Amino acid sequence: GNWLGTTLKFTVNEARAARPGNVAMLGRLTELMFVEILREYMQRLPADQSGWFGAVNDPHVGKALRLLHANPVRDWTVDELAREVALSRSVLAQRFAELVGEAPMRYLANWRMQLAKQMMREGTHNIQEVATRVGYDSEAAFNRAFKRATGAPPATWRKGATPVS
């Protein structure tokens, strides 16, 4: 596209120049180009495309994913999610599993664990805070779920995790 071509030319010119802020500019420009390439790719996918891109592109499953990602703390049920995306429970569950590869609540549980691992790598929250921030009412419930997902309790996992810098 025209936007991508123009941005690519600007990025090349920025890379050749040794101006203040060069590294920051190049970082942002490459991020923007990456997002635009993904958007272009997704717009060209066939309607029956499966996998993550197909799921995000699907009007109902994509909306469900956006809702789960925007509010993972909410005590979601498939019924509530289906109501939010204007589908029946069974149709959403089937379509979600076909496109994403797992059931909506299993996806949510895995997403919460990814968020928890990220927060624990950052090291700015204690385990109780992490549990609350990813949607668990108690630290004990979070500990059980985390151990089931990772094979280690949160405190043990945190000790071996590579910190985010």
Local net charge near Gly135, Cβ-Cβ under 9 Å (Lys/Arg +1, Asp/Glu -1): +1
Gyration tensor on Cα atoms of region 19-73, a ≥ b ≥ c root eigenvalues, a/c under 1.5 rounded, else prolate if a/b beats b/c, else oblate, says oblate
Which angle from 0 to 90°, rounded to the nearest 10, does the C-alpha axis of helix 89-100 make with the longest principal axis of the chain? 50
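Divide by every residue of the chain the summed helix terms, -39500 (n - 2.57) for each DSSP H run of at least 4, and state the resulting mean residue ellipticity at 222 nm, rounded to the nearest 500 deg cm²/dmol.
-22500 deg cm²/dmol
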Listed residues Pro59, Leu8, Ile127: farthest to the positive end of the dipole of region 5-139 (Cβ charges): Leu8
Please work out the Cα center distance from region 7-21 to region 83-105, rounded to the nearest Å. 44
Simple Cβ-charge dipole of region 1-76, Lys/Arg +1 and Asp/Glu -1, about Cα centre, in debye nearest 20: 260
Could you work out how far helix 2-16 tilts from the main Cα principal axis of the chain, as a 0 to 90 degree angle to the nearest 10? 70
Roughly how big is the chain's charge dipole about its Cα centre, with Cβ charges of +1 (Lys, Arg) and -1 (Asp, Glu), in debye to the nearest 20? 440
Output wanted: per-residue J couplings in Hz (rounded whole) for region 76-83, from phi through Karplus 6.51 cos²θ - 1.76 cosθ + 1.60, θ = phi - 60°, x for Gly and Pro. 5, 10, 5, 4, 5, 4, 4, 4
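Every number here is computed from the coordinates shown, using simple stated rules; none is lab data. Keep in mind the model is a prediction, meaning the values are calculated, not measured. Because the Cβ atoms are built from the backbone with ideal geometry, glycine has one as well, and the counts that use them run over all protein chains shown.
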